[in-house]
Amino acid sequence: MEKLVIHGRNRLSGEIEISGAKNAAVAIIPATLLAQDVCRIENLPNISDVTCMFKILTQMGAQVKIINKHTVEINTKTVNSYIIPHEMTKQLRASYYLIGALLGRYSRAKVALPGGCNFGVRPIDLHIRGFELLGANVTVENAMINAKADYLTGSSIYMDKVSVGATINIMLAAVKARGLTIIEHAAKEPHIVDLANFLNAMGADVRGAGTDVIKIHGVQNLHGCTYSIIPDQIEAGTYMVAAAATGGDVLIKNVIPKHLESITAKLLECGVSVTEYDEAVRVVSDGKFRKCNVKTMPHPGFPTDMQPQMAVLLTVANGTSIVSESVWDNRFKYIEQLVRMGANVQVDGTIAVFQGVPELTGAPVRADDLRAGAAMIIAGLMARGKTEIEDIIYIDRGYEDYVEKLRNVGADIYRKTIVPEGNKMGSAG
Ligand code: UD1
């Protein structure tokens, strides 16, 4: 086990290259099951969620050939099962995309309920309803989702709530269904568009992704393709905030600035300078921030996955800032850790009120989940003194080489092996 050690107050300066999008990758990898052919995927992030997805596909019988750090070739022709047990799904929330992909391929799927980040109840009723509207019979028994149909038929599906996961899962199931599927009130996140582009590269007919109506004409067969994943919006946003928080000057490269607009807007409101280029943004800050209010919303609103990172900046902004979390019911658990570092925050349900303090001070803290962990890193970089972060396994799930990327721009951050109490010299009784 490892923890992170950060000595704060170094001003970040230089360039950071953004990796491929985690949330696109974890949808696109299962989508290869639909082709029964070889797909070459490029610009994959080298993170444990992706490795985990490879492991699951390999255990299902697929051939996953690693070409280099960011490119794989996946041949799913040899897959011979539609059953995925709990041991394979428990580490990864996105394992539920296997339901849609297997349903699309076999009209059958038996998949254990997923694991992943724990920020409140994470229901999948909208996914199930979508599969049912496509003609599948879905039951949940012994924590396994069992979905089956003779064949799937296109349908009109209105989503009661905007859901990224349900939109993706329905797209996966519908691409080979008979006839037309219309998803209304669909999610519009960049990775929804990326998945649609990937499916179309395999020969699917998906239109309207990125708007709230997605139309899918079912096709009989899909074929292999070569596809390069979009840059990670949240990784980019995280480094934008880190640069700002340390009063830094960082050029963040390999991004799609359009995907970052809501984050850019909030940083500008706080008094940070953000300059957009074709495929980069430059963030410059003097380390002084104005208060601002943030409300998380589905895309193109401010992403909930940037809420904890942005909140760190608000702990030291001048005045009172309010953060409203409107996507998840329980996403302020990490604030307890910020309070240990000197932040002044009151939480009431899905609202957090930040009274700016002059500075944070380093402390031992933990990563409660992936983005909470990213927030702790930013807090540690900004704070006076030493911060140690435990449970960093969550951060490894979603950020490629973050220690190296941050060290390259001047951060004093390193991993340290945690020696279990019993193994320490002299501690044996
Ligand atoms: C995805 C992201 C996650 C991000 C979230 C919102 C991936 C792998 N994960 O998660 O990082 O925080 O989008 O941007 O892409 N809901 C229901 N019923 C359902 C499904 C969802 O009520 O069947 C609710 C959820 O409880 C939540 C809201 O809808 O309140 C949004 O969830 P959703 O967009 O589905 O999130 P995920 O796809 O799980």
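The values are calculated or read from the model by the stated rules, or taken from the named source; none is laboratory data. In this text, all values refer to a predicted model and were calculated from it rather than measured experimentally. Neighbour counts run over all protein chains shown; Cβ positions are idealised from the backbone, glycine included. To get the accessible areas, we keep the full protein, side chains included, count just its heavy atoms, and leave off ligands, DNA and RNA. Shrake-Rupley method; radii C 1.70, N 1.55, O 1.52, S 1.80 Å.
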Rounded to the nearest 20 debye, what is the charge dipole size of region 308-381 about its Cα centre when +1 sits on each Lys and Arg Cβ and -1 on each Asp and Glu Cβ?
140
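Using Cα pairs under 8 angstrom and six or more residues apart, how large is the relative contact order of region 1-85, in percent? Please report the intermediate quantities before stating the final value.
Working: 100 pairs, mean separation 24.5, N = 85.
This gives 29 percent for region 1-85.
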Tilt, helix 97-106 to longest principal axis of the chain (alpha-carbon atoms), in degrees rounded to tens, equals 10
Need one number for region 237-394: average projected area of the convex hull over its C-alpha atoms, nm².
8.1
Report the charge-dipole magnitude of the chain in Debye, nearest 20, computed about the Cα centre from +1 at each Lys and Arg Cβ and -1 at each Asp and Glu Cβ.
360
Taking a probe of 1.4 angstrom, what is the accessible area of D391 in Å², to the nearest 10?
70
Say the dipole of the chain comes from +1 at the beta carbon of Lys and Arg and -1 at that of Asp and Glu; which of S324, S81, L92 then lies farthest toward its positive end?
S81
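Antiparallel as a % of all DSSP beta bridges within region 119-194, to the nearest 5? Working shown, then result.
Numbers: 5 of 9 bridges.
Of those bridges, close to 55 percent are antiparallel.
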Square roots of 5 times each gyration tensor eigenvalue, C-alpha, the chain, largest first, Å
38, 23, 21
Residues whose built amide H sits under 5 Å from the amide H of K295, excluding neighbours closer than 5 in sequence, are S324
Among the listed pairs K65/K188; K161/K291; K188/K266; K69/K295; K258/K386, which are separated by more than 27 Å between their Cα atoms?
K65/K188; K161/K291; K69/K295; K258/K386
Positive end of the charge dipole of the chain (Lys, Arg +1 and Asp, Glu -1 on Cβ, about the Cα centre): tell me which of T246, Y158, A265 has its Cα farthest that way.
Y158
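Using the Cα centre of region 286-348 as the reference point, and only Cβ charges (+1 on K/R, -1 on D/E), how large is the resulting charge dipole? Debye, rounded to the nearest 20. Can you show the working numbers first?
Numbers: 7 positive and 6 negative charges, 41 e Å.
In total the dipole reaches around 200 debye.
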Mind pulling the per residue volume of the convex hull built on the Cα atoms of region 1-56? Å³ is fine.
109
Quick one: pull the percent of accessible area on region 241-348 belonging to carbon and sulfur, 1.4 Å probe, ligands and nucleic acids left out.
48
Inter-label distance, nm, simple model (7 Å from Cα along the C-beta direction), R9/R290:
2.8
For Y151, what accessible surface area do you get with a 1.4 Å probe? Give it in Å², rounded to 10.
110
Cα-based reach from K148 at 19 Å (exclusive), listing lysines while leaving out same-chain residues under 8 positions away:
K110, K176
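Roughly how compact is region 281-346, stated as its Cα Rg over 2.2 N^0.38 Å to two decimals? Don't jump to the answer; show the numbers that get you there.
On the way: Rg = 12.3 Å, N = 66, 2.2 N^0.38 = 10.8 Å.
Taking N as the residue count of region 281-346, the ratio is 1.14.
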Using 7 Å Cα-to-Cβ label points, what is the E184/Q36 separation (nm, one decimal)?
3.5
In Å², and per residue, what accessible area does region 298-420 have when probed at 1.4 Å with the other protein chains present?
38
Calculate how large, on average over all directions, the projected area of the Cα convex hull of region 21-170 is; give the answer in nm² to one decimal.
8.6
Provide the FRET efficiency to the nearest 0.05 for the R384-T320 pair, computing r from the beta carbons and using R0 = 25 Å.
0.65
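Using Cα pairs under 8 angstrom and six or more residues apart, how large is the relative contact order of the chain, in percent?
This gives 20 percent for the chain.
Add +1 for every Lys or Arg and -1 for every Asp or Glu among the other residues with Cβ under 14 Å from the Cβ of A265, and state the total. Please report the intermediate quantities before stating the final value.
Numbers: positive: K258, K266, R290, K295; negative: E261, E269, E276.
Summing Lys/Arg as +1 and Asp/Glu as -1 gives +1.
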Counted charge near N146, where neighbours are those whose Cβ lies closer than 10 Å (Asp, Glu -1; Lys, Arg +1)
+2
For the chain, what is the percent of antiparallel DSSP beta bridges, rounded to the nearest 5?
70
Counting pairwise Cα distances across region 114-244, what percent come out greater than 23 angstrom?
39
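Just to be sure I follow: if Rg is taken over the C-alpha atoms of region 180-321 and Rh is the Kirkwood radius over the same atoms, what is Rg/Rh?
Values: Rg = 18.0 Å, Rh = 16.6 Å.
Taking Rg over the Kirkwood Rh, I get 1.08.
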Nearest 500 deg cm²/dmol is fine: what mean residue ellipticity at 222 nm does the chain get from its DSSP H runs of n ≥ 4 alone, each adding -39,500 (n - 2.57), divided by its residue count?
-8500 deg cm²/dmol
Label zone at K258, where the point sits 7 Å out along the Cα-to-Cβ direction: region 196-211 residues whose backbone N lies under 18 Å
196-201, 206-211
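Between I66 and I393, what is the FRET efficiency for a Förster distance of 25 Å, r being their Cβ-Cβ separation, to the nearest 0.05?
Numbers: r = 22 Å, r/R0 = 0.87.
For R0 = 25 Å, the calculated efficiency reads 0.70.
Using 0.36 nm per residue of separation minus the Cα-Cα distance, give me the extension gain between V213 and S228 in nm, one decimal. Don't jump to the answer; show the numbers that get you there.
Working: separation 15, 0.36 × 15 = 5.40 nm, distance 2.45 nm.
Between V213 and S228, full extension yields 2.9 nm more.
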Extending each Cα 7 Å along its Cβ direction at L268 and S81, get the distance between those two points in nm, one decimal.
5.2
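Ordered by packing density, taken as the mean number of other Cβ atoms within 10 Å over each peptide's residues, highest first, how do 317-326, 251-260 rank?
Numbers: 317-326: 17.5, 251-260: 19.9.
Going by the mean number of other Cβ atoms within 10 Å, highest first, we get 251-260, 317-326.
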Grab the other residues whose beta carbon is less than 14 angstrom from that of S107, score K and R as +1, D and E as -1, and report the net.
+4
Two-site FRET efficiency, D160 against R108, from Cβ-Cβ distance with R₀ of 30 Å, rounded to 0.05
0.70
Farthest towards the positive end of the dipole of the chain, among L113, F354, I256 and with Cβ unit charges of +1 on Lys and Arg and -1 on Asp and Glu, lies the Cα of L113
Sort R93, R108, R407 from largest to smallest accessible area, using a 1.4 Å probe on the heavy atoms of the protein chains.
R407, R108, R93
